Structure formats: C-alpha cells, structure tokens
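**Q** Please find one structure pasted underneath; my questions will follow.
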Amino acid sequence: MTDPQGRGGQALARAFLEQQQLLGGDVVILPDGPTLGSTPGSRPGSVDSRSHAIEPTPGASPGNPNTPAAQPASELPPAGISYDPPGSDLFATDPLPQARSLDAVAQLVASCTKCRLCEARRHTVPGEGPPDARLVVVGEGPGRVEDETGRPFVGQAGELLTKILAAIELPRERVFICNVVKCRPPENRVPQYDEIAACVPYLFHQLDLLKPAVILAMGGTAAQTLLNTKQSLGALRNQVHRFRGIPVIVTYHPAALLRNPNWKKPTWDDVRIARRLIA
Ligand code: SF4
C-alpha cells in the first residue's frame, strides 16, 4: 500500500520544484522544514532529479557570479541605507498632503500635469492594491499595456510578478503595486531626473498612507529613488535598507528578468528575504 504522506510530500515537492523552475536557475535552496522528495542514496537535504537538481547551498549565488551570496534562511542581510525625506508641509497650497486615502491620491494623479509625461499618456497609473497591504512593490514607470489599461505591472512582466508573489504565498490582490512615475515615459525610456522629482511626492505619500511592513524596490530607478542614492542595483541588493523606517529590499525588475533569466535566482533570494520580514 502506498504511503499517503509520501504522496503528499511528493505533491508538495512537485509544486515547489515547479515554482523554482519558473523562477529560474538550476540550483535552488529549499525552504525551512523537512526535506522534500529525497531519493534513495541522495544526501540529506537534497532533492536530486535530472530535470530539477536541488541542493541547499548556503552562501552560494549560482544564478549570477556577480550577485551577492544568498543568506542562510534564518539570517537577514546587513543593514544598508536609511533614507528619511522630510514630510510634506500640511499648510502648503499643494493638495497632496491633504489627501487622506489612496483613492484621493489617485484622483490627484489623474489630473496631474506637473511634468512632460502628461503629454502623451493615455491613462495615469497611480498603483493598485489594498490599503492594508503588508508589502508594497515599487517599479519604475508604466509601460505600453499599463498606459492602455491604467493598471500597474500588467503584460508579460506583470504576469511574472504575479507568479513571483504567488511563490512567496502572497497573492497579488494582497500587495500594493505601483511605480515611481505614474505616467508612461515615451518609448519606455528611463524617467528623467526632473520627472522623478515632480512625481515622487505621490509615491512617498502613498507609502505614508499604506505604512507597509516591507517595500520591495524592483529595478534601479525604484531603488535609487527610495534610497536617495546613485549606487547600482547590484551594490544595493542583499541589504535591508530603510525608507522612513520601513525595510526596503532591492531586487531586479521583472522586465529585466524576462531579458536575463540568470537574474531569476537572485530575485528569488531577494523576495524570500522580503517575505521573512513581513512575517
Ligand atoms: S508622471 Fe507624475 S508628475 Fe508627471 S504628469 Fe504624470 S503624475 Fe504628474
């Protein structure tokens, strides 16, 4: 008679392996807990199959030799930058500081003409998600599909983000997802400094209203804006930064992962760190 627990373990292992395959890399780290799917003769803690070789390799970063090493599951990366920009002046004429809800911020964004990105936009993309979200994902700016729909992170990169969030058991519906700039830069170019400067008060105010447990900065523009730095994304990864006291984890943008699958493994390491901070 087949052991039903063994079947359950195999099913769990299969689901897990499928997630790892999705996230890239042929070597991945098992989460805490009992070993899943060990085969006779394999070393404890390893799952060995030709198609999905999994080995716990603490300290290794096999996806990209230029990326920092992964942390053991029980440890967090060291502290990084702490950025605490001054708050808005409540008595200023700008209506943003008076916006008491995410919807109110979205309404202000909808009529905003503070920078040239308003000229060619079809829709503003203020962000979406529940006001009590524990995780906020911040990207760079809307792309073509986002501009057409008014929703952040849709299209191919958005689908990948949804799968990444599912892999850490955070349904997209429970996450607030937004960008640094709320209107599409022409031809998906990187937003310019003055455009970011004009738009970032909306993001900062959204974060003040949300007060999430963790911010996941996806891509260099989001990371550099939230941390007020020019350091590269590679240098900013694998640290726990702070924005107004809220932990910030830096990782690759899903669009970059589509171009370079080698970055999926380090991204998986980063989102696991973010997940641990939310608990
Ligand atoms: S990108 Fe931001 S600042 Fe520029 S027009 Fe759109 S909402 Fe306004």
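The values are calculated or read from the model by the stated rules, or taken from the named source; none is laboratory data. Quick caveat: nothing in here was measured; it's all calculated off a predicted structure. Quick reminder, even Gly has a Cβ in these numbers, built from the backbone with ideal geometry, and neighbours come from all protein chains shown. Keep in mind that these areas ignore ligands, DNA and RNA; they rest on the heavy atoms of the full protein, side chains included. Shrake-Rupley method; radii C 1.70, N 1.55, O 1.52, S 1.80 Å.
**Q** Can you pull out every residue in the range 126-150 that is more than 16 Å from the ligand (Cβ to nearest atom) and either touching a Pro at 6+ places or on another chain (Cβ under 7 Å) or not β-branched (Val, Ile, Thr) (or both)?
**A** Gly129, Pro130, Pro131, Asp132, Ala133, Arg134, Leu135, Val136, listed by residue number.
**Q** Take the residues in the range 172-182 that are among the hydrophobic types (A, V, I, L, M, F, W, C) and within 16 Å of the ligand (Cβ to nearest atom), then tell me which one is farthest from Lys265 (Cα to Cα).
**A** Result: Val181.
**Q** May I pose another question? Against the condition assigned to a helix (DSSP H, G or I) and modelled with pLDDT under 95, how does Pro86 come out, does it pass? Give the derivation first.
**A** On the way: assigned to a helix (DSSP H, G or I): no; modelled with pLDDT under 95: yes.
Here the answer is no, as Pro86 does not meet what is asked.
**Q** Can you tell me which condition Glu195 does not meet? The list is (1) open to solvent by less than 10 Å² (accessible area, probe 1.4 Å); (2) away from the ligand (no atom under 13 Å from the Cβ); (3) of a type outside the set (A, V, I, L, M, F, W, C), and all the others hold.
**A** With respect to (1) open to solvent by less than 10 Å² (accessible area, probe 1.4 Å); (2) away from the ligand (no atom under 13 Å from the Cβ); (3) of a type outside the set (A, V, I, L, M, F, W, C), Glu195 is out only on (2).
**Q** Restricting attention to the range 142-171, report how many residues are on the phi > 0 side of the Ramachandran plot, in contact with a strand residue (DSSP E or B) (Cβ under 6 Å, 6 or more places away or on another chain) and not hydrophobic (A, V, I, L, M, F, W, C).
**A** 0
**Q** Looking only at residues that are touching a residue at least 40 places away in the same chain (Cβ under 8 Å) and open to solvent by 30 Å² or more (accessible area, probe 1.4 Å) in the range 198-230, which one is nearest to the ligand (Cβ to nearest atom)?
**A** Pro201
**Q** Within the range 126-143, work out how many residues are part of a loop (DSSP other than H, G, I, E, B), open to solvent by 30 Å² or more (accessible area, probe 1.4 Å) and under 24 Å from Ala255 (Cβ atoms).
**A** Here the count works out to 2.
**Q** Just wondering, is there one or more residues in the range 153-171 that are touching a Gly at 6+ places or on another chain (Cβ under 9 Å), within 16 Å of the ligand (Cβ to nearest atom) and either of a type in the set (A, V, I, L, M, F, W, C) or outside any helix (DSSP H, G or I) (or both)?
**A** For the range 153-171, residues touching a Gly at 6+ places or on another chain (Cβ under 9 Å), within 16 Å of the ligand (Cβ to nearest atom) and either of a type in the set (A, V, I, L, M, F, W, C) or outside any helix (DSSP H, G or I) (or both): absent.
**Q** Working only within the range 177-192, note down all residues that are surrounded by fewer than 24 Cβ atoms within 10 Å (Cβ to Cβ) and within 16 Å of Glu128 (Cα to Cα).
**A** Residue satisfying the conditions is Val180 alone.
**Q** Anything in the range 145-184 that is modelled with pLDDT of 95 or more and of a type in the set (D, E, K, R)? List them, or say none.
**A** Residues satisfying the conditions are Glu146, Asp147, Glu148, Arg151, Glu159, Lys163, Arg172, Glu173, Arg174, Lys182, Arg184.
**Q** Got a sec? Which of Pro95, Pro86 is farther than 18 Å from Ile278 by Cβ, open to solvent by 20 Å² or more (accessible area, probe 1.4 Å), in contact with a helix residue (DSSP H, G or I) (Cβ under 8 Å, 6 or more places away or on another chain) and free of Cβ contacts under 8 Å to residues at least 24 places away in the same chain?
**A** Pro95
**Q** Scan the range 101-125 for residues that are within 8 Å of the ligand (Cβ to nearest atom) and either in contact with a strand residue (DSSP E or B) (Cβ under 7 Å, 6 or more places away or on another chain) or part of a loop (DSSP other than H, G, I, E, B) (or both) and report the count.
**A** Number of matching residues: 6.
**Q** Assess whether Leu165 counts as being out of contact with any helix residue (DSSP H, G or I) (no Cβ under 8 Å at 6 or more places or on another chain) and buried (at least 17 other Cβ atoms within 10 Å of the Cβ).
**A** It is false that Leu165 is out of contact with any helix residue (DSSP H, G or I) (no Cβ under 8 Å at 6 or more places or on another chain) and buried (at least 17 other Cβ atoms within 10 Å of the Cβ).
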